[in-house]
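Trainee: Take a look at this one; I'll ask things after.
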Amino acid sequence: MPPFRGLIQDAFHLQNEAGVALSLTQVEGIPEIGMMVSVAGQPATIRDFGHNSTDGQVISSRSCLTGEPCSPYGGIFVEWNKNTPAPEDLCKQWVQEEDGSDV
C-alpha cells in the first residue's frame, strides 16, 4: 500500500474543535487515526475521518450519482500542535503521511 496522501479540495473548522476538517481528492493509501501528516508543509495529526455516503468507506473511488470510477476521495479531521492555518489557505495543498522523524 502506498503512503497516504491527498489533495485538499475544501477545508473548514468544526465548532469547539482544535483543528480542521479536510475534504480530499486524488487520495493514495489509507489514513489512520493518530497518523502524523504534513498539511501544506505543516505537521499535524489525524484525529478522525469521515465515511463516504456512497459506500460507507473512509476512501471511495466511485461517483455516487453514476457509480462510475473517479479519483479516490474522502475526508479527515486533523489537529495541529500550533495555530491552524485559515481553511481558505489550505485548498489545493497536499496532505501526506510523515514517518514521524521530522514532524
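The values are calculated or read from the model by the stated rules, or taken from the named source; none is laboratory data. What you see is a predicted model, and the numbers here were worked out from it, not measured in a lab. A quick note on method: Cβ atoms are made from the backbone with ideal geometry, for glycine too, and the neighbour counts reach across all protein chains shown. The accessibility values were calculated without ligands, DNA or RNA, using every heavy atom of the protein model including side chains. Shrake-Rupley method; radii C 1.70, N 1.55, O 1.52, S 1.80 Å.
Trainee: Could you identify the single residue in Ser38, Ser23, Ser53 that is out of contact with any strand residue (DSSP E or B) (no Cβ under 7 Å at 6 or more places or on another chain) and among the hydroxyl-bearing types (Ser, Thr, Tyr)? Spell out the reasoning first.
Mentor: Numbers: Ser38 fails: out of contact with any strand residue (DSSP E or B) (no Cβ under 7 Å at 6 or more places or on another chain); Ser23 fails: out of contact with any strand residue (DSSP E or B) (no Cβ under 7 Å at 6 or more places or on another chain).
Sole residue among the options that is out of contact with any strand residue (DSSP E or B) (no Cβ under 7 Å at 6 or more places or on another chain) and among the hydroxyl-bearing types (Ser, Thr, Tyr): Ser53.
Trainee: Restricting attention to the range 61-83, report how many residues are under 22 Å from Glu98 (Cα atoms), touching a Phe, Trp or Tyr at 6+ places or on another chain (Cβ under 8 Å) and either of a type in the set (Phe, Trp, Tyr) or open to solvent by 40 Å² or more (accessible area, probe 1.4 Å) (or both).
Mentor: 1
Trainee: Within the range 67-84, can one find any residue that is part of a strand (DSSP E or B) and free of Cβ contacts under 8 Å to residues at least 40 places away in the same chain? First the steps, then the outcome.
Mentor: Pass one, the range 67-84, residues part of a strand (DSSP E or B): 69-79.
Filter once more, keeping what is free of Cβ contacts under 8 Å to residues at least 40 places away in the same chain: 69-70.
Looking for residues that are part of a strand (DSSP E or B) and free of Cβ contacts under 8 Å to residues at least 40 places away in the same chain, one finds at least one in the range 67-84, hence yes.
Trainee: Could you look through the range 7-32, keep only residues that are on the phi > 0 side of the Ramachandran plot and touching a Ser or Thr at 6+ places or on another chain (Cβ under 8 Å), and pick out the one that is most open to solvent (accessible area, probe 1.4 Å)? Spell out the reasoning first.
Mentor: Filtering the range 7-32 for residues on the phi > 0 side of the Ramachandran plot gives 16, 19, 26, 29.
Cutting the leftovers down to touching a Ser or Thr at 6+ places or on another chain (Cβ under 8 Å) gives us 19, 26.
Values: Gly19: 2, Gln26: 87 Å².
Out of the qualifying residues, it is Gln26.
Trainee: What are the pairs with Cβ atoms under 8 angstrom where one residue, in the range 39-55, is assigned to a loop (DSSP other than H, G, I, E, B) and the other, located anywhere, is of a type in the set (Lys, Arg) and open to solvent by 70 Å² or more (accessible area, probe 1.4 Å)? Sequence gap at least six, or different chains.
Mentor: Thr54/Arg62; Asp55/Arg62
Trainee: Restricting attention to the range 33-60, and to residues there that are more than 10 Å from the chain's Cα centre (by Cα) and of a type in the set (D, E, K, R), which single residue is most open to solvent (accessible area, probe 1.4 Å)?
Mentor: Per the stated criteria, the residue is Arg47.
Trainee: Select from the range 41-65 the residues that are modelled with pLDDT of 85 or more and among the hydrophobic types (A, V, I, L, M, F, W, C) and list them in ascending order.
Mentor: Ala44, Ile46, Phe49, Val58, Ile59
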